[in-house]
1. Out of Val124, Val117, I need the residue that is among the aliphatic types (A, V, I, L, M) and either in contact (Cβ under 8 Å) with a residue 60 or more places away in the chain or buried (at least 22 other Cβ atoms within 10 Å of the Cβ) (or both). Which one?
2. Which residue pairs have Cβ atoms closer than 8 Å, lie 6 or more positions apart in sequence or on different chains, and pair a first residue in segment 70-85 that is farther than 13 Å from Ser54 by Cβ and of a type in the set (Gly, Ala, Ser) with a second residue that is modelled with pLDDT of 95 or more and surrounded by fewer than 24 Cβ atoms within 10 Å (Cβ to Cβ)?
3. Could you check, for segment 77-86, whether at least one of its residues is exposed (fewer than 14 other Cβ atoms within 10 Å of the Cβ) and not aliphatic (A, V, I, L, M)?
4. Here are Leu262, Leu257, Leu232, Leu216: which of them is out of contact with any helix residue (DSSP H, G or I) (no Cβ under 8 Å at 6 or more places or on another chain) and not aromatic (Phe, Trp, Tyr)?
5. Of the residues Asp219, Asp214, Asp241, only one is surrounded by fewer than 21 Cβ atoms within 10 Å (Cβ to Cβ) and farther than 21 Å from Leu42 by Cα; which?
6. What about Phe15, is it touching a residue at least 24 places away in the same chain (Cβ under 8 Å), part of a strand (DSSP E or B) and of a type in the set (Phe, Trp, Tyr)?
7. Looking only at segment 170-193, count every residue that is more than 23 Å from Ile140 (Cβ to Cβ) and crowded, with 17+ Cβ neighbours inside 10 Å and tell me the total.
8. Name the residues in segment 190-209 that are under 19 Å from Lys89 (Cα atoms) and of a type in the set (S, T, N, Q), would you?
Amino acid sequence: MRREKQAALKEVELFVLDMDGTIYLGDELIAGAIEFMQKVKLTGRDFILFTNNSSRTAEFYQQKLAKMGCQIGKERIITSGDVTIDYLKKWYPGKKIYLMGTPLLEESFKKSGVNLVEQHPDVVVASFDTSLTYEKLDKICRSIHDGAIFLATHLDLVCPLKDGFMPDCGSICALITKSTGVEPKYLGKPFPETMAMILAVTGYKREKVAFVGDRLYTDVATGVNNGGQGFLVLSGEATLDDVEKSDVKPDGIFTSLAEMALYL
C-alpha cells in the first residue's frame, strides 16, 4: 500500500488543495495541513489553494488562514468566483449581469469590470450567498423566466463546518431550478473551466496537476475527469462508504494531508 501511494504521487508537480474540510474546518486548521504544504515545497513541487466557496475572496481567505497561523500569499488562492468572473469576461463581455452573492463577491465582480445590474440582466449568477434573502431569490427566478442565462459558481450541496454542514450553492440552485425549470451551467470544480484557468495561471501541464480535497464529486472529479489526478482526504465530507458508491474513483485515499505528506 505504501508503495502504491508513493507511486501515485510521484509524477505530481502541482497540488491544487481544497480548503474547507481539507486545510481547515470552521476556524481551526486540520492537523498536518501546514506541514504538508511545507513538504511539497521541500520536495521541489508547488501548490495552490482552490475553494468552491464563492462567498468570500482570495484576500479574505488569506486573512482567515493568517489568523490560524498559516501564511499564504493571495496569489496562491483561487475561488469558483474567480473562475466565474473569467468565464463571464470571456463569453459575455459587456453583458448585464445580476449576481446573487455576498457583498464581498459583488465587490470582487465590480473590481474585475463585470457589469452588475439589478434589473433586466442578460445573465444571472447564483453563488454561495450567505446574505441570501427571499427578494434575491424572487429576482433571480423572475429574470430566468424572462430569458436570462442561468450560471452558478459551483455545485456543492453543503458547506462543511466543524459541527456539521450548511446549505451551499447547489442546494440553492435546486430551489431555483424547481421554480423555473431551468438548470444552471455550473462553473468551479469539477468542470473544465476550473482546470483551464489553473493551467493558464500556473503554466503546468494537466497531467502533472493533482486536485486534493474531501469531496469526490468536486475535488477528486476535477482531476480525474480533466486529464489530471484526484486524491481524496477523509477529513471533511466524504467517507469510505461514499467511495464505494461513487462513479468517481480517486487515484489515492488518505486520512488527511498529514498522512499524505508521509508519501511525498
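1. Exactly one of Val124, Val117 is among the aliphatic types (A, V, I, L, M) and either in contact (Cβ under 8 Å) with a residue 60 or more places away in the chain or buried (at least 22 other Cβ atoms within 10 Å of the Cβ) (or both), namely Val124.
2. Note: pairs meeting the criteria are Gly73/Gln62.
3. Quick first cut of segment 77-86, residues exposed (fewer than 14 other Cβ atoms within 10 Å of the Cβ) only: none.
Checking segment 77-86: not a single residue is exposed (fewer than 14 other Cβ atoms within 10 Å of the Cβ) and not aliphatic (A, V, I, L, M).
4. Working: Leu257 fails: out of contact with any helix residue (DSSP H, G or I) (no Cβ under 8 Å at 6 or more places or on another chain); Leu232 fails: out of contact with any helix residue (DSSP H, G or I) (no Cβ under 8 Å at 6 or more places or on another chain); Leu216 fails: out of contact with any helix residue (DSSP H, G or I) (no Cβ under 8 Å at 6 or more places or on another chain).
On inspection, the qualifying residue turns out to be Leu262.
5. Of Asp219, Asp214, Asp241, the one residue that is surrounded by fewer than 21 Cβ atoms within 10 Å (Cβ to Cβ) and farther than 21 Å from Leu42 by Cα is Asp241.
6. yes
7. 1
8. First, pick out the residues of segment 190-209 that are under 19 Å from Lys89 (Cα atoms): 191-201.
Residue satisfying the conditions is Thr194 alone.
The values are calculated or read from the model by the stated rules, or taken from the named source; none is laboratory data. Every value quoted in this text rests on a predicted model; they were computed, and no experiment measured them. Cβ sites come from the backbone with ideal geometry, for glycine too, and all protein chains shown count toward neighbours.
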